[in-house]
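S.K.: Pasting in a structure now, in structure tokens, and then I'll have a few things to ask.
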Amino acid sequence: MSLSNRHLLGLHGVPKEDIQLILETARTFREVLERPIKKVPTLQGKTIVNLFYENSTRTRISFELAQKRLSADTINFSTSTSSAKKGETFKDTVRNIEAMKVDMIVVRHQSAGVPQYLTRISKANIINAGDGIHEHPTQGLLDMYSIREKFGRLEGLKVCIVGDVAHSRVALSNIFGLKTMGAEVSVCGPATMIPLGIETLGVKVYHRIDEAMAKNEVLNVLRIQLERDAGKRIPSLREYHKFFGITSERIEKHNREIVILHPGPINRGVELSSEVADGPYQVILDQVTNGVAVRMAVLYLLGTMH
């Protein structure tokens, strides 16, 4: 069994069989993470570069850990200490890295389309770790894995993506991936944060959080991206929390099983109250653990393609 594409640029157009294969492979690696020795020799001799032009905690550490667990050689690139500071172009940076005979490049960039561009100037396998407000496929996959772990299925589940959908690459990857796997997907948030015409992707739109909570089994709650000026789209963070924040009172009012996901970092008291962020309904830290297994699966499947 192998993937149909040698790169992972997004979940748009990725066949169901590929997603299924990644999730099944991740289940095997999830078991490896429970062992006393959490290392396998699968990618020994492979060299992987983490090319991060944007800040990241979870994604970068998760990829690095996944690479080390698979016994690959890992190189971390940081713009703040690179020749990019001296004016070296992105293309020249990549060409120089390529000349060192690397096998895979994991890239995060503030501009949409950079991973796609990399496939044209590099022979390495390219994995998108987030490009602008386009996609973040491994986050979408780990979210799906976490939901499936909780419910045992994705097909027919009702999943609502809540919050700053307009700025979110996580939202797009979730929509594409979940729809492919047969889930019913909706979005909820202030009108200023819901992209016009998003219904054309086959999602329902809610503008009231209580309605969304009454009709969905899973809420994937997005961070308000203040660094992308998302704060300008709402009157205030307090106002946002009042109308769209997930609180334990809101959950208890609906008196039904609901699972809360969040890609992190959480703005506590904005998207989620602290009781919810630390409470029994959320699977946020499970998502982080599952992220390592899912990234191991993606690296393994791409790194062993012939």
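S.K.: Given (1) without any contact (Cβ under 8 Å) to a residue 12 or more places away in the chain; (2) surrounded by 15 or more Cβ atoms within 10 Å (Cβ to Cβ), identify the lone condition not met by residue 238.
M.R.: (2) is the only condition that residue 238 fails.
S.K.: While we're on this one: Does residue 42 meet the test of being in contact with a strand residue (DSSP E or B) (Cβ under 6 Å, 6 or more places away or on another chain) and of a type in the set (S, T, N, Q)?
M.R.: No.
S.K.: Looking for whichever is outside any strand (DSSP E or B), surrounded by 13 or more Cβ atoms within 10 Å (Cβ to Cβ), β-branched (Val, Ile, Thr) and touching a residue at least 12 places away in the same chain (Cβ under 8 Å) here; the options are 59, 74. Which one fits?
M.R.: The conditions single out 59.
S.K.: For residue 98, which of the numbered conditions (1) closer than 17 Å to residue 297 by Cα; (2) surrounded by 14 or more Cβ atoms within 10 Å (Cβ to Cβ); (3) acidic (Asp, Glu) fails to hold?
M.R.: Residue 98 satisfies every listed condition except (1).
S.K.: Can you tell me which residue is nearest to the chain's Cα centre (by Cα) among those in the stretch 45-56 that are surrounded by 18 or more Cβ atoms within 10 Å (Cβ to Cβ) and in a loop (DSSP other than H, G, I, E, B)?
M.R.: Here the answer is 53.
S.K.: Any idea how many residues of the stretch 161-201 are assigned to a strand (DSSP E or B) and either in contact with a Phe, Trp or Tyr (Cβ under 8 Å, 6 or more places away or on another chain) or buried (at least 23 other Cβ atoms within 10 Å of the Cβ) (or both)?
M.R.: Final tally of qualifying residues: 6.
S.K.: Which of the residues belonging to the stretch 105-123 are more than 16 Å from the chain's Cα centre (by Cα), more than 15 Å from residue 66 (Cβ to Cβ) and buried (at least 24 other Cβ atoms within 10 Å of the Cβ)?
M.R.: 118
S.K.: Going through the stretch 133-152 one residue at a time, which ones are out of contact with any strand residue (DSSP E or B) (no Cβ under 7 Å at 6 or more places or on another chain) and either buried (at least 21 other Cβ atoms within 10 Å of the Cβ) or part of a loop (DSSP other than H, G, I, E, B) (or both)?
M.R.: Scanning the stretch 133-152 gives 133, 134, 139, 140, 141, 142, 144, 145, 152.
S.K.: If you take the residues in the stretch 229-243 that are modelled with pLDDT of 85 or more and assigned to a helix (DSSP H, G or I), which one is farthest from residue 187 (Cα to Cα)?
M.R.: Checked the stretch 229-243; the qualifying residue farthest from residue 187 (Cα to Cα) is 238.
S.K.: Output the residue which, of all residues in the stretch 241-254 that are basic (Lys, Arg) and touching a helix residue (DSSP H, G or I) at 6+ places or on another chain (Cβ under 9 Å), is surrounded by the most Cβ atoms within 10 Å (Cβ to Cβ).
M.R.: By that ranking, first place goes to 250.
S.K.: I'm checking my understanding of the structure. Among residues of the stretch 17-44 that are in contact (Cβ under 8 Å) with a residue 24 or more places away in the chain and outside any helix (DSSP H, G or I), which one is surrounded by the most Cβ atoms within 10 Å (Cβ to Cβ)?
M.R.: Checking each candidate, the answer is 43.
S.K.: As an exercise: evaluate residue 216 against (1) surrounded by 22 or more Cβ atoms within 10 Å (Cβ to Cβ); (2) among the polar types (S, T, N, Q); (3) in contact with a His (Cβ under 7 Å, 6 or more places away or on another chain) and give the number of the one condition it does not meet.
M.R.: All conditions pass for residue 216, except number (3).
S.K.: In the stretch 57-67, is there at least one residue being more than 23 Å from residue 98 (Cα to Cα) and at pLDDT below 95?
M.R.: yes
The values are calculated or read from the model by the stated rules, or taken from the named source; none is laboratory data. The structure presented is a predicted model; accordingly, all values stated were derived computationally and were not measured. Neighbour counts run over all protein chains shown; Cβ positions are idealised from the backbone, glycine included.
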